[in-house]
Amino acid sequence: MMIAARCTRLGIPIVKNLTRVSSTSMFKSTDLNQHYIHSSVTCFPKCELTSKRYQIERGQFSTISEEDVNFFTNLLGHHRVINDETELEGYNIDWLGMVRGASSVLLKPKTTEEVSTILAYCNKRKLAVCPQGGNTGLVGGSVPVFDEIIISTALMNKVENVDTWLGVVTCQSGCVLEALDEHVSEYGLMIPLDLGAKGSCHIGGNVSTNAGGLRLLRYGSLHGSVLGVEAVLASGEIVDCLSAMKKDNTGYDLKQLFIGSEGTLGLVTKIAINCPPRPQSVNLAFLGLETFDDVLKTYKDAKKKLGEILSSCEFIDQSSIECVEKNLKLKAPIGAHPFYMLIETSGSNGIHDEEKLNVFLEEALGAGLVTDGTVATEPSRMHHIWSIRERIAEALINDGCTYKYDISLPLPHFYKMVEDMREHLGSNILRCCGYGHIGDGNLHLNITSKEFEKDLLNLIEPTIFEWTAKVNGSISAEHGVGFKKRNYIHYSKSSGAIALMKQLKALMDPNGILNPYKVLPDN
Ligand SMILES: O=C(O)CC[C@@H](O)C(=O)O
Ligand SMILES: [Zn+2]
């Protein structure tokens, strides 16, 4: 069965084009140009493509020729080889409008065999490629940097099988996350991953970046949920590790190499993913708190008192809420507080779950940890509350330029980083805010300014990475390394580990054609 790209759960594109929807509809929209001009942030404008750096790095690959385009057209047909500059524009620019490439060709294969033929050809010709799903990445991993051929998974959206006994779906990598979740919901199952970009991101992109999202706390990471992967190596060889079994202990777990390697080791074509039962009852609390210490204590209590029904624990600071209210005109359900939390329960017994949540909340209120709050059980209210959290990224873009940091930190240091960065940056910025997946120790620290400023970037980086390394955090909790963070990877990986990563890359992609300039550092 084919599943089509759908709009985001949140539906209405309130801020220009910035709601992440399916790649096709987003890129057809002329609004993209508005966004681009609006942000006016291009780290790599076309003029830089002729720079010395370009000449050196670009040197190892061939330039695409008319003969190459003919080969692809013979394979896929005219309508699946896009070379119109205007149409390509959206695929060349990332969602944040900060990284742009200059690809002249985009290919839309439908099958693993077509991907294999394309890669075998590109490998022989030394043509660099950039695999692309929904292009919702936040670290510049899903767009070309120079003129790499873009291989889109947009037409690889077939669901192959739903095993209702074990609860496993096997599908092509271009299925849109939300559509896939709706598909398995017909069998009482759910995809154990949920994130703001669900309406446009592809499951293949989620797997390739090891996306975390809003319920990792409950369902764990994709390294655990993904049971099997089929991927195509640079040589065109198809690696079939597509077992849909929950237990498969036959030697090296090769699929793990494709999870989180951002398309640098192989292009993921199919996925088998474990689908837990869909919860029967869901409750969502939106709470106001006075101090970050109260946030930490409330999280600890929620884990202890809600136990197995706790499905999400998110934190938002006042500056983030203010941004959503101002830029998206979405109103928070309670008045202003320094901090907020979203606590979700998911279970199978409505009365039991509600009771448990109420007892927990009453105790939190009684102890003075929480000073205000509201509980939603109806889908429309929960949807409204979730949209406040999920659309912070979108709201921030409307400030002008966003400098994004996705950091893992030990919880005692969590909010101190936001406070320290505020002090460090002083009046040079519009906003420095923190929110994220507190239950996973994952802070989203975002800084905004009216326009992109190189001096400001230099003030933020590498200070922020040094700070993270000092407390043994990670410079990328869930967004990946992509293009933007690759030269900072040493803050979170030892030199021995980086050397081994390079050896693996050389083994699996000897010509380096797969998503070059991403993940691995320059030197
Ligand atoms: O905008 C960000 O920094 C985070 C985006 C996403 O991971 C989220 O949790 O909303
Ligand atoms: Zn996140």
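The values are calculated or read from the model by the stated rules, or taken from the named source; none is laboratory data. Treat the numbers as computed from the prediction; the structure is a model and nothing was measured. Here Cβ is always computed from backbone atoms with ideal geometry, including for glycine, and neighbour counts include all displayed protein chains. Remember, those area values only see protein heavy atoms, side chains included, never the ligands or the DNA or RNA. Shrake-Rupley method; radii C 1.70, N 1.55, O 1.52, S 1.80 Å.
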**Asked** Got a sec? Which of GLY213, GLY199 is more than 18 Å from MET156 (Cα to Cα), assigned to a loop (DSSP other than H, G, I, E, B) and within 16 Å of ligand 1 (Cβ to nearest atom)?
**Response** GLY213
**Message:** Here is a check on your reading of the model: is THR264 polar (S, T, N, Q), buried (at least 24 other Cβ atoms within 10 Å of the Cβ) and in contact with a strand residue (DSSP E or B) (Cβ under 9 Å, 6 or more places away or on another chain)?
**Reply:** yes
**Asked** So which residues in the stretch 88-102 are without any contact (Cβ under 8 Å) to a residue 60 or more places away in the chain, in a loop (DSSP other than H, G, I, E, B) and under 22 Å from the mean Cα position of the chain (by Cα)?
**Response** ASP94, GLY101
**Complete:** Scanning the stretch 505-514 residue by residue, those assigned to a helix (DSSP H, G or I) and surrounded by 15 or more Cβ atoms within 10 Å (Cβ to Cβ) turn out to be LYS505, MET508
**Prompt:** Of the residues that make up the stretch 475-491, is at least one out of contact with any strand residue (DSSP E or B) (no Cβ under 9 Å at 6 or more places or on another chain), buried (at least 23 other Cβ atoms within 10 Å of the Cβ) and of a type in the set (A, V, I, L, M)?
**Reply:** yes
**Prompt:** For PHE286, all conditions in the list (1) open to solvent by less than 10 Å² (accessible area, probe 1.4 Å); (2) closer than 30 Å to LYS502 by Cα; (3) part of a strand (DSSP E or B) hold save one; what is the number of the exception?
**Reply:** (2)
**Qualifying residues in the stretch 395-414 (those that are open to solvent by 10 Å² or more (accessible area, probe 1.4 Å) and in a helix (DSSP H, G or I)) - the one farthest from ligand 2 (Cβ to nearest atom)** = PRO412
**Request:** Output the residues belonging to the stretch 480-504 that are outside any helix (DSSP H, G or I), of a type outside the set (Ser, Thr, Tyr) and farther than 18 Å from ILE460 by Cα.
**Result:** GLY480, GLY482, LYS493
**Complete:** Filtering the stretch 416-473 for residues that are farther than 22 Å from SER221 by Cβ, within 15 Å of ligand 1 (Cβ to nearest atom) and in a helix (DSSP H, G or I) leaves a count of 5
**Request:** From (1) in contact (Cβ under 8 Å) with a residue 60 or more places away in the chain; (2) not assigned by TED's automatic domain parsing to the domain that holds TRP386, pick out the condition that doesn't hold for ASN327.
**Result:** (2)
**Prompt:** Just checking, how many residues over the stretch 139-169 are more than 17 Å from LEU267 (Cβ to Cβ), surrounded by fewer than 24 Cβ atoms within 10 Å (Cβ to Cβ) and at pLDDT 95 or above?
**Reply:** 10
**Asked** Which one of the conditions (1) exposed (fewer than 15 other Cβ atoms within 10 Å of the Cβ); (2) within 16 Å of ligand 2 (Cβ to nearest atom) does MET341 fail to meet, given that it meets all the rest?
**Response** (1)
**Item:** Residue check for LYS297: free of Cβ contacts under 8 Å to residues at least 12 places away in the same chain and not hydroxyl-bearing (Ser, Thr, Tyr)
**Value:** no
**Message:** Please count how many residues of the stretch 413-438 are under 26 Å from ILE343 (Cα atoms) and without any contact (Cβ under 8 Å) to a residue 24 or more places away in the chain.
**Reply:** 2
